[in-house]
Structure formats: structure tokens, C-alpha cells
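Structure record follows, encoded as C-alpha cells.
Every number here is computed from the coordinates shown, using simple stated rules; none is lab data. Quick caveat: nothing in here was measured; it's all calculated off a predicted structure. Methodologically, a virtual Cβ is constructed for each residue, glycine included, from the backbone with ideal geometry; neighbour enumeration extends over all protein chains shown.
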Amino acid sequence: MSSLRATARARSNIALVKYWGKRDARLNLPAAGSLSLTLDGLQTTTTVCFGASASDELVLGDAPAPPAALAKALRVVDRVRALAALQAPVRIESSNSFPTGAGLASSASGLAALAVAAAHAAGLALSPAELSALARLGSGSACRSVFGGFVEWRAGEAADGSDSHAVPLFPPAHWGLAVCVAVVSEDAKPTGSSEGMQRTAGSPFQAAFLAGVAEDLDAARAAIAARALSELARVAERSCLRMHAAMMAADPPLLYLRPQSWQVIEAAMRLRARGVPAFFTADAGPNVKIFCEAGALAEVTRTIAALGCVRRVLEAHPGAGVELLE
Ligand code: PMV
């Protein structure tokens, strides 16, 4: 059989208004919308080839991927095979520009690159919205990495998920922000996001977190349109902390933030209190991301690196959406 092949590159994204909770776990349909910034520093390049292997394979870097990662990828690939009426086995080769297993989110960039490469390899002509909904099947946040800059994932209402995809809000050049990623632990997270969301569904604070999302989305859109950092700081920090409050109140509790994470969070708050335009956010892991005006990045990075509790610091800027390479 002749092989069908394509390569795509996608970048990670970090949510300013968090996605945490599903209304449909099979289709990764969210309980509410979310909003993020796509970053240039953390990217995944993925090649998909149909018909060149005896069975479905996923290679991450130089090594075969664990079964759970292949299963996630096949949620996207199986949908592509169904749409293209294709039965051929798939071989996926994926590599990250950042250290894997370092506790940095790679699922958003990985699944977005996979969706676009797989659709093209299979000869499907999908719209950007359809590619975003396809990436969502692998990992919810991946639907946002299809687009560059500031992106909103509209929760949608349709039972089949067709209206649950991301839309671009503002291009990367809209606002000269930068992000300092404070890596406090390089361990893989003990509880993945799907299991974590399932557990948090029973948290007495989850309803309160979800009830605030619509207002947070309105406030974040307005703050970004006006390039108002202190307004965006307020929304992003409360969205992050409400999400972590809901996680912590789950039974058994989900504690993603470590003592070192709180040291970084407090340092970001101190920076802003003395006039440095910066704020923090953190996801389902201990590493903290500090957003700032690009002109403040050197000072932010210096301050965070000097804390002594941070293993390494990465810097990133607003990035583009997914690109088809060949
Ligand atoms: O897309 P997932 O299943 O990896 O979930 C991502 C969840 C958070 O990163 C914590 C929040 C978000 O909106 O990205």
C-alpha cells in the first residue's frame, strides 16, 4: 500500500481562564469555556504516516510511547480514519522542543500537531474549527493550540461536540507579553488531568469555580483588548486559585502545588506590588508560569531564578497556531 504522510508543528498554550471539568468525558466536552495564550517556546513536531507499519505505533522522541499516550493519540487517529474511510495502521513520530517528562504540558502541542498531521496525511480538507474539534478529542486544551495568540475555547452545546472548538481572539503580536516558566519539579504528575477532573467533579467548590467562568471570560477578553495587565492579572490569578481550591477540596484531595510553587506565587505577587507588570498562573502540576510585559521579563526571570527553589527557568513569547510542514 502506498503511504500517506504529513508533518505538522504546534505550540503549547497556557490558560488564563482555566478549563477544569467535563460535561462529556468521551468527547472531551468541557463544562465551561476557557481562554489561553499560545506560546512559541514549547513546541511539538509530529509526523503521521498511514500504511507504513504493521500496527499502530507512537514514538515519542527516540522511544516507544507508553500505552496511555498511544490510546490518547488513537482517539484523534480513529476519528480521522472514520472520516477518511481509511483502515491502514498509523505510525506517529513526535518530538518536543522542550524536555519531555519535565512536568511541562506537552499534551496541548502534541495533540494539536497530531490532529493536523493526521487529517492531512489522510487527505481530509478540514476547516480550522474542525481541526480544533478534532484535536479536542485527544486532549481538551489541544483545541486551543490550533490557533496562535489569544484563543478562546467555546464550550458549545451540541451533543456531538461539533460546536465545541477554539476560536482565535487576538494574534500573537496584539500584545507584547512574555512568560517565565518556573520549573520547580521535573517529575511526571501523579494524577493526570482526566482523572483529576473526574475527582474534582465531586468537590463542593467545583460548582462555584464553574459559576465564575462566564464572568472571567468577559473580563479577560476586555482586559486583553485593552492590553490592561492589572485587570488580566486579577482574572487570571482568581481563575487559577479557584480551580486549585476546587481541586484541594476534592475527596481524596488533589494537591498539585508544592511548597516551592507557593514561593514562586508569592514572589510574583511581590513583584506586582512593587510595580512590575507580572502575574502568576499554574495548571495541573507544580510548575508556575509568570506572565509579564515583555520589557519586564529579564527582571522577572532574575527574581525567580534567585529564589533558590526553582530548578530551571524557561522563557516564552506569544506564538503562532499550528503549521503544516510537509
Ligand atoms: O487538556 P487537558 O486534559 O490536559 O487539561 C488541561 C487543564 C489545565 O491545564 C489545568 C487548564 C487549561 O485550561 O489548560
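The antiparallel fraction among DSSP beta bridges confined to the chain stands at about 95%.
Shown in residue order for region 44-50 are the 3J(HN,Hα) couplings computed by the Karplus curve 6.51 cos²θ - 1.76 cosθ + 1.60 at θ = phi - 60°: 10, 10, 10, 10, 10, 9, 9 Hz (x for Gly and Pro).
Here the gap between D187 and A298, fully extended at 0.36 nm per residue and compared with their Cα-Cα distance, gives a gain of 37.3 nm.
Mean-square fluctuation check for the chain, GNM, Cα pairs under 10 Å: which of E231, E195, E130 is largest? Fluctuation is largest for E195. One decimal place: the segment R312-W262 gains 16.4 nm when fully extended, by the rule 0.36 nm per residue minus the C-alpha distance. Pairs of Lys residues in the chain, spaced 8 or more positions apart or belonging to different chains, with C-alpha separations under 19 angstrom: 5 in total. Taken one residue at a time, the phi angles of region 202-210 give Karplus couplings (6.51, -1.76, 1.60, θ = phi - 60°) of x, 6, x, 9, 5, 4, 5, 4, 5 Hz. Gly and Pro are set to x. Solvent-free Debye calculation, one equal scatterer per alpha-carbon of the chain: log10 I(q)/I(0) at 0.09, 0.11 Å⁻¹ equals -0.43, -0.65. Compared with the alpha-carbon gap, the fully stretched path from R274 to D56 is longer by 73.1 nm at 0.36 nm per residue. Using Cβ point charges alone (K and R +1, D and E -1), the dipole size of region 237-326 about the Cα centre works out to roughly 440 debye.
Label positions at E326 and A173, each projected 7 Å from the Cα along the C-beta direction, are separated by 2.9 nm. When the helices of the chain are scored as -39500 (n - 2.57) per DSSP H run of n ≥ 4 and the total is divided over every residue, the value at 222 nm lands at -11000 deg cm²/dmol. Note: relative contact order over the chain, using C-alpha pairs below 8 Å and six or more positions apart, is 24 percent.
Label point 7 Å out from S194 along Cα-to-Cβ: which residues of region 120-144 have amide N under 12 Å? Zone members listed by number: 137-140. For region 215-245 versus region 144-193, the spacing of their alpha-carbon centroids is 14 Å.
Taken over the Cα atoms of region 1-80, the convex hull encloses 126 Å³ per residue. Computing FRET efficiency as 1/(1 + (r/R0)^6) for D24 and A68, where r is the C-beta to C-beta distance and R0 is 25 Å, gives about 0.80.
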